[in-house]
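To start, the structure under review is shown below, and the notes come after it.
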Amino acid sequence: MTPTVNKFTWTIGGAAGDGIMVTGAMLAKYCTRAGLWTTDYAEYPSLIRGGHNVQVVQVDSEQIFEHDQGTEILVALNEETVRLHGASLSPHGALVFDSGRLTVTPAMLGDRTDIQLVPVPLVDLALKNGGKDLMRNTVALGATLALLQAPLKLIEEIFQDTFGEKGQKIVDVNVQTCRAGYEHVQAAVKDFPWRINPAPQAPRMVIGGNDALSLGFLHGGLKFYAAYPMTPASSILTTLAELAPTYKHVTKHAEDEIAAVNLAIGASFAGVRAACGTSGGGFCLMTEGLGMAAITETPLVIVDAQRPGPATGLPTWTEQADLRFVMHAGQGEFARVVVAPGDPTQAFQEAARSLQIAEHGQLPVIILTDKYLAESHWSTAMFDRSLVQVQRGGFVAPHEHGPGPWYERYGDTPSGITPRPIPGQAGGVFIANSDEHDVYGHANETSENRVLQYRKRERKLEAILPLLPPRVILHGPADADVTLVTWGSVTQSCREAARKLATMGIRANVLQVLYILPFPVAELQQAVRASKKTILVENNGTAQLGGVLKEYAGIACDYQLLKNDGRPFWAEDIAAFAKGNV
């Protein structure tokens, strides 16, 4: 067979605690440093140990947005992985397994004869080279690189960068165990039809949505973050805690989500940029705080990293079913901003921007992500930090308030935004009252005051429009045969589907709604009018964005493709649906 160069899918399976994700991350880093594009995706049950865990890494010489369904190399750390995934290997694909711990039978592979079995004594090689049995994943990484005829030098550099702070001994053990797996397979397998040919390009990084959000917050001036761990938002908390000594901010592990949102409100009230994060179940507990931030006009940023509900739902899986919830959470009506980034670059930019919007508009900003974006990783160009500028605003200067101690914190203004004092500021006394209130914060239930304050708060949405980027983004050619309308992480799946449709001779583009609130009515109406045929693609069961499109803009897509089984869309399925309806 003619070798396929720089294009393959790699899958590793085992139990929690087997180092599945670490190995996938190492391979993704290797390929990215080799000048290739990668994306990875993990599936795991809500168990601390055990259960079936899978990590998929897709590699290509061109930019990719989502992984394929096929697998060219399967690393099986247990028998369950062979039984569940072995038969799905591509023709001539390789099954790497521990020959000292596992026997593979033809029945496990559906009696297929076109699969290369690559037995490697993973644990034995790890132990013989100074490692522990858990380092069998490092041996498997070396075996993978040997199959692909990839040079070892790059992985040695990655080990140095990753483990260098732990001492040279740790680096050397990883290098030795990886080399042992490499040399074992290099001697045994000669004709594997996939290759890596390094082609260095401009520096890129491998990063996921949560890390991108964390860095965006920090570059946007975050000084306080509070959260109670809840998958898939938890790593925002741990990343920010790890970086706290460097960036000089406070990260607080709260006792629950009610405490987290109120801590963030308190920090913001005190004058610093603050945020909190959770998933849908935790956001349920934050809704009372959300309303308090709105009526007291205190800046607040909340991350809702979605997973399937209701209740505990599927804790470690993905969905986009909180859209309507965050749009209407909290009793009554009040202005808010809802943004749904679709990739790590957007996550970085919008996290920084959200702090700016919240502070200048003195209102809540909700960032909607999901498990797929939060925990998957992509080869990404280095973030352009020059696009992030921290411009503090919305505060009253000491000389601007009146002569008395009381300040008209909620005084009416054309924009609806009233400068706020810092607690303790002379002449800046007011009441941050969760009841409807007058200009000083004193409770006031008259109809005239209610209408004045309500309209004042609603005008903020118009005032913050200049702070927003384009709220609708068109990916791909303007004159497409079909337009995939979507939001959030499904944008990645749709962009990959558009690439596949192009190989079928079908021109497709992707219409991404980046900002849900304030809803971009005119932009969407114009974009849809220019489309020949539209397909709504959402990771939920009720077409929530579709309903919002009809409600706000009178737009109905020609077709809709929905999915809510906890898994992200396969690009192949989107492409097949689009092809069948063009």
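The values are calculated or read from the model by the stated rules, or taken from the named source; none is laboratory data. Since we're looking at a predicted model, the values are computed, not measured. Using ideal geometry, Cβ is built from the backbone for each residue, glycine included, and neighbour counts are taken over all protein chains shown. Only protein heavy atoms, including side chains, enter the accessible area calculation; ligands, DNA and RNA are left aside. Shrake-Rupley method; radii C 1.70, N 1.55, O 1.52, S 1.80 Å.
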Under the condition of being among the β-branched types (V, I, T) and closer than 22 Å to N540 by Cα, which residue from the range 325-354 is surrounded by the fewest Cβ atoms within 10 Å (Cβ to Cβ)? V338
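Would you say G313 is at positive phi and without any contact (Cβ under 8 Å) to a residue 40 or more places away in the chain?
yes
Residue by residue, here is whether (1) under 18 Å from V472 (Cβ atoms); (2) touching a Phe, Trp or Tyr at 6+ places or on another chain (Cβ under 8 Å); (3) part of a strand (DSSP E or B) holds:
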| site | (1), (2), (3) |
| --- | --- |
| V537 | yes, yes, yes |
| G541 | no, no, no |
| L545 | yes, yes, no |
| K550 | yes, no, no |
| N564 | no, no, no |
| R567 | no, yes, no |
| A575 | no, no, no |
| G580 | no, no, no |
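Let's see how each residue does on (1) in contact (Cβ under 8 Å) with a residue 12 or more places away in the chain; (2) closer than 30 Å to A575 by Cβ; (3) open to solvent by 10 Å² or more (accessible area, probe 1.4 Å):
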{"site": "H52", "(1), (2), (3)": "yes, yes, yes"}
{"site": "V57", "(1), (2), (3)": "yes, yes, no"}
{"site": "H67", "(1), (2), (3)": "yes, yes, no"}
{"site": "L77", "(1), (2), (3)": "yes, no, yes"}
{"site": "P91", "(1), (2), (3)": "yes, yes, yes"}
Which of the residues belonging to the range 352-402 are at pLDDT 95 or above and on the phi > 0 side of the Ramachandran plot? Q362
Would you confirm, using the coordinates I've provided, whether A575 is open to solvent by less than 30 Å² (accessible area, probe 1.4 Å) and free of Cβ contacts under 8 Å to residues at least 24 places away in the same chain? no
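Condition first: open to solvent by less than 20 Å² (accessible area, probe 1.4 Å), of a type in the set (A, V, I, L, M) and closer than 10 Å to V175 by Cβ. Now tell me which residues in the range 127-157 satisfy that.
Result: I155, single match.
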Applying the selection to the range 435-476, what residues are surrounded by 16 or more Cβ atoms within 10 Å (Cβ to Cβ), assigned to a loop (DSSP other than H, G, I, E, B) and polar (S, T, N, Q)? N444
Under 22 Å from G208 (Cα atoms), surrounded by fewer than 24 Cβ atoms within 10 Å (Cβ to Cβ) and polar (S, T, N, Q): which single residue out of T246, T296, T287, T312 fits that description? T246
Count of the range 5-33 residues which are of a type in the set (D, E, K, R) and in a helix (DSSP H, G or I): 2
A530: passes all of (1) open to solvent by 10 Å² or more (accessible area, probe 1.4 Å); (2) within 28 Å of A351 (Cα to Cα); (3) among the hydrophobic types (A, V, I, L, M, F, W, C); (4) without any contact (Cβ under 8 Å) to a residue 60 or more places away in the chain but (2)
